[in-house]
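Contents: one structure, followed by commentary.
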Amino acid sequence: MEQGATIWFTGLSGSGKSTLANGLVSRLHAAGRRVELLDGDEIRKNLSQGLGFSKADRDANIQRIAFVAKLLSRNGVIAITAAISPYRETRDSARAEIEPGARFVEVFVDCPLEVCEQRDVKGLYKKARSGEIAQFTGISDPYEAPEEAEVHLHTDLESPEQDVAAILNTLVDLGVLPGNWESQNGAYTPDEEAAVEERLKNLGYL
């Protein structure tokens, strides 16, 4: 069974968590890896419908995401979570829940608040500043940045492609993915291709 893991994206609304999480899912799927995306908004719709945005409710939502991620990653799936998860203690609790059975990799999607506001096509920040939305992270509720995330990205300075590549490189460095992970979906590695070509030449086919 392939090694599972949890890749935990955290950052402000509009920082790029979902964009990068989906990009990572696409790369891993293309290589034949078993991967599931746990999007914070989707979890709220399907598993946390009765929860609001108080600290207790936010913590409960993160605990539910962590529980699902734990089950997936312990069974050989790479679980990718994309949720603001603003409180450091709650993220640390998620790590403690998951790590006995699988690797936990925290990805801090760092982006200045003003850039997040510029990207906000839904107008959520504007509503938060006008008081229409209460307890909005970054405006009326705090975001506690990670202090020792395995991956620290700056999405105002880097392209999504660069950031996804940085995450994948870190996963290889940490041993979550093997160095030849992209070739493990049945395709030949470069060395294997060379060996096959040499064999065909020896047989007179090339």
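Restrict the search to region 1-44; then list the GluC sites (Glu not before Pro) that DSSP places in a loop and that have at most 15 other Cβ atoms within 10 Å of their Cβ.
Here the sparse-neighbourhood loop sites are E2.
Rounded to the nearest 20 debye, what is the charge dipole size of region 1-41 about its Cα centre when +1 sits on each Lys and Arg Cβ and -1 on each Asp and Glu Cβ?
Here the size comes out at about 160 debye.
Work out Dmax and Rg for the chain from the C-alpha atoms and quote the Rg first, both in angstrom.
Radius of gyration, then largest Cα-Cα span, for the chain: 19.9, 77 Å.
Taking the Cα centre of the chain as the origin, how large is its charge dipole in debye, to the nearest 20, when only Lys and Arg (+1) and Asp and Glu (-1) carry charge on their Cβ atoms?
For the chain, the charge dipole is close to 780 debye.
Once the mean 1/r over all distinct Cα pairs of region 48-105 is inverted, what Kirkwood radius in angstroms do you read off?
One decimal place: 11.7 Å for the Kirkwood radius.
Between D120 and E161, what FRET efficiency comes out of the Förster formula 1/(1 + (r/R0)^6) with R0 = 22 Å and r the beta carbon distance, rounded to 0.05?
Working from the Cβ atoms, E equals 0.45.
Along the positive direction of the dipole of the chain (beta-carbon charges: Lys, Arg +1; Asp, Glu -1; about the Cα centre), which of N61, L113, N202 reaches farthest?
Result: N61, furthest along the dipole toward the positive end.
Would you mind counting up the charge near A82? Only other residues with Cβ under 11 Å from its Cβ, with Lys and Arg at +1 and Asp and Glu at -1.
That sum, taken over residues with Cβ under 11 Å, equals -2.
Once the mean 1/r over all distinct Cα pairs of region 4-124 is inverted, what Kirkwood radius in angstroms do you read off?
14.6 Å
For the pair A30/K127, report the inter-label distance in nm, with labels modelled 7 Å from Cα in the Cβ direction.
Placing both labels 7 Å along Cα→Cβ, they lie 3.5 nm apart.
Go ahead and run the numbers for FRET between E89 and A195, Cβ-Cβ distance against an R0 of 45 Å, rounding to 0.05.
With R0 = 45 Å, the Cβ-Cβ based efficiency is 0.30.
For the chain, what is the calculated [θ] at 222 nm in deg cm²/dmol (nearest 500), taking -39500 (n - 2.57) for each run of four or more DSSP H residues and dividing by its residue count?
About -14000 deg cm²/dmol.
Filter the trypsin sites (Lys or Arg not before Pro) in region 119-189 to those in DSSP coil with at most 10 other Cβ atoms within 10 Å of their Cβ, and list the result.
The qualifying sites are K122.
Place a point 7 Å from Cα of K55 in the direction of its Cβ. Which residues in region 85-101 have their backbone N less than 11 Å from it?
Answer for this model: 87-90.
Only the coordinates and a few stated rules stand behind these numbers; no lab work does. From a predicted model like this one, the values you see are computed outputs, not experimental measurements. Cβ coordinates were reconstructed from backbone atoms using ideal geometry, including for glycine residues, and neighbour counts include every protein chain displayed.
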